[in-house]
Amino acid sequence: MADRLSARAFLALLTDDFTELPRPPSLPEPPDGPLGWHGYDASRARAAERTGEEESVVCGTGRVEGTPAVLLAFEFGFLGGSLGRRTGDRLEAAYAYAREHRLPVVPLVATGGSRMQEGMLALTQLQRVARQSALTREAGLPQIAVLRDPATGGGWATLGAGADVVLALPGAQVGFAGSRVRPPDADPAAYTAEAQVAAGSADAVVPAGELRATLGRWLRLLTAPSAEPAPVPEPLGARDLPVSGWDAVRRARSPERPRAGAYLDAYFTHRVALSGDRCGGTDPDGMLCGFGEHAGRTVAYAAQTGTATRPAGYRTAARLVRLADRLGVPVLTLVDTPGAAADAEAERQGAGPAIADLFAALASVTTPVTTLLIGEGGSGGALALAAPGRTWATPDSYFSVIAPELAAAILKRGPEEVESTAGQLRLAPVVLAELGVIRTGDQLFPGTGDRRSEERM
């Protein structure tokens with residue numbers, strides 16, 4: 001069963017302290033609200049008596065594991081946590097306070113949607129909320145939503161799904177359609193926190209007992225900008241250079257070679273994962289994204305795992321890069337893929353547009369991006385994750401315009417010519433450095449110095 005705590009009880013669960021913000025003035029209303037909905041005043045009075053609140057949201061400041069934030073806690077016991085005009089007044093004032101004081105925003109969502117007794121005037125509060133969220137995003141402040149139970153309707157579609165990071169309690173009801181307006185044959189399992197994570201619409205399900213620590217870690221990492229590039233990771237595999245192009249391919253394809261998980265574990269003191277492309281997809285086996293702490297600084301990461309990368313993986317990486325850019329956090333990318341997934345389903349999922357979007361994201365960011373090629377660099381599916389002019393490579397890696405086997409097939413060469421074709425492709429790390437495609441240094445290739453590639457990329 002998902003969380004049913006009151007707004008203030010939930011705030012006490014998460015914060016070291018909490019101070020409610022002053023309530024903004026509201027225009028006087030006619031009896032039973034703007035629509036004259038019979039019994040509306042009585043319903044609000046009963047809700048106030050039952051919950052001790054005057055509206056469906058409690059807004060204030062508090063520290064979560066030491067990091068200050070503005071928190072927006074919905075009180076579901078007050079008319080189902082519905083959004084009305086006065087709810088909009090409070091949310092707008094809270095967002096404005098966050099921007100003025102440079103604080104992250106944490107919506108704690110427990111709402112059934114817009115308040116019917118106020119009609120379209122209630123529904124238009126979603127536009128107010130969306131604008132405040134957009135202004136806060138433009139100000140470079142993070143927004144981390146926590147989905148309680150339920151998180152449905154416009155509250156989910158603005159405060160929840162519109163946040164930079166979305167955490168959810170186990171079993172919480174999450175979806176645009178509330179339980180009373182779904183088709184009668186709808187699968188209830190599709191309207192859960194777990195289903196939203198699987199669909200790429202939320203990042204993680206977090207048990208209530210772990211939520212304070214998890215939220216605190218996210219807040220610390222996302223509120224620590226840095227102008228310095230992420231250092232290049234130390235190579236974890238072979239240190240001697242390959243003797244040929246085919247030797248480079250063979251090493252990169254070796255099952256014993258360290259993969260992204262090993263590099264991330266060695267590089268970060270701790271890290272949290274960003275999951276999903278917000279378009280209905282995930283690629284947990286092909287792309288790892290998130291934020292971590294390296295040498296006391298926050299670094300964002302997007303890392304291929306050595307498998308063919310799917311469209312959702314590219315979209316998730318683009319989402320990660322753009323978020324890091326807005327927050328002023330340096331990015332580390334690890335390239336390791338035989339190429340983009342080339343099956344029919346990948347085409348139906350928009351492989352080309354997804355790769356194009358990641359190319360565009362890396363081409364336009366202002367935050368520094370550091371790339372390390374740690375294994376296979378298969379064509380554009382690998383290059384899309386590489387930072388122009390700031391790409392390094394390990395000795396057990398290669399980068400190629402196409403796989404040697406495919407190049408031989410296109411050139412109508414026999415299988416016996418694959419190895420020589422690999423040499424002709426000039427894909428080994430040292431040759432790539434000579435061509436100006438990658439950078440090197442004593443850290444990766446002892447005795448080579450640092451060969452820069454900015455002028456050629």
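Taking the DSSP beta bridges in the range 320-400 as the whole, what percent of them are antiparallel, to the nearest 5?
Percentage antiparallel, nearest 5: 0.
As I understand it, the value is the acute angle between the Cα axis of helix 208-222 and the longest principal axis of the Cα atoms of the chain; what does it come to in degrees, rounded to 10? Relative to the chain, helix 208-222 is tipped by roughly 60 degrees. Here the label points at Asp17 and Asp187, each 7 Å from Cα along the C-beta direction, are separated by 4.9 nm in the simple model.
Annotation for the range 306-362 versus the range 104-181: alpha-carbon center distance of 27 Å.
DSSP finds beta bridges in the chain, and of those with both partners inside it, around 45 percent are antiparallel. Each DSSP beta bridge with both residues in the range 8-165 is either parallel or antiparallel, and the antiparallel ones are about 55%. Pop a pseudo-label 7 angstrom from the Cα along the beta-carbon direction at both Cys279 and Glu434 and give the gap in nm to one decimal. It works out to 4.0 nm between the two label points. Annotation: per residue accessible area for the chain equals 41 Å², rounded to a whole number [probe 1.4 Å, protein chains only].
The stretch between His38 and Ser254 holds 70.5 nm of extra length on full extension. This uses 0.36 nm per residue minus the Cα-Cα distance. Helical content of the chain, expressed as a calculated mean residue ellipticity at 222 nm, amounts to -10000 deg cm²/dmol (DSSP H runs of 4 or more residues, -39,500 (n - 2.57) each, divided by residue number, nearest 500).
By the compact-protein rule of thumb, 2.2 N^0.38 Å, the alpha-carbon radius of gyration of the chain corresponds to a ratio of 1.13. Can you compute log10 of I(q)/I(0) for the range 204-327 with the Debye formula, treating each Cα as one identical point scatterer, at q = 0.19, 0.20 Å⁻¹? Results for the range 204-327 at q = 0.19, 0.20 Å⁻¹ read -1.16, -1.23.
Between Glu416 and Arg50, 0.36 nm times their residue separation minus their Cα-Cα distance comes to what?
Extra length from Glu416 to Arg50 when fully extended: 123.7 nm.
The amide H of Asp149, built 1.01 Å from its N in the peptide plane, has Asp3 as neighbours under 5 Å, considering only residues 5 or more places off or on other chains. In order along the range 82-87, the Karplus-derived 3J(HN,Hα) couplings, from 6.51 cos²θ - 1.76 cosθ + 1.60 at θ = phi - 60°, round to 6, 9, x, 4, 5, 4 Hz, and Gly and Pro are given as x.
Quick check: from the Cα gyration tensor, does the range 1-103 come out rounded (a/c under 1.5), prolate or oblate? Here the range 1-103 falls in the oblate category.
Of the heavy-atom accessible surface of the range 200-352 (probe 1.4 angstrom), what whole percent is carbon and sulfur? Carbon and sulfur together cover 53 percent of it.
Once divided by 2.2 N^0.38 Å, the Cα radius of gyration of the range 337-426 becomes 1.22. Take every pair of alpha-carbon atoms less than 8 Å apart whose residues are at least six positions apart; their mean separation over the length of the range 7-143 yields a relative contact order of 24 percent.
For the chain, averaging the sequence separation of C-alpha pairs within contact (under 8 Å, six or more residues apart) and dividing by the residue count gives a relative contact order of 11 percent. If the chain linking Arg348 and Ala363 were pulled fully straight, counting 0.36 nm for each residue of separation and taking away their Cα-Cα distance, it would gain 2.9 nm. Helix 351-364 and the longest principal axis of the Cα set of the chain meet at an angle near 90°.
Let's test the formula: R0 of 45 Å, r as the Cβ-Cβ distance of Val401 and Glu65. What FRET efficiency results, to the nearest 0.05? That gives a FRET efficiency of 0.40.
The values are calculated or read from the model by the stated rules, or taken from the named source; none is laboratory data. Everything numeric here is computed off the predicted structure, so don't read it as measured data. All Cβ positions, glycine included, derive from the backbone under ideal geometry; neighbour counts span all protein chains shown. Ligands, DNA and RNA are stripped out before the accessible areas are found, and what is left, the full protein with its side chains, is counted by its heavy atoms. Shrake-Rupley method; radii C 1.70, N 1.55, O 1.52, S 1.80 Å.
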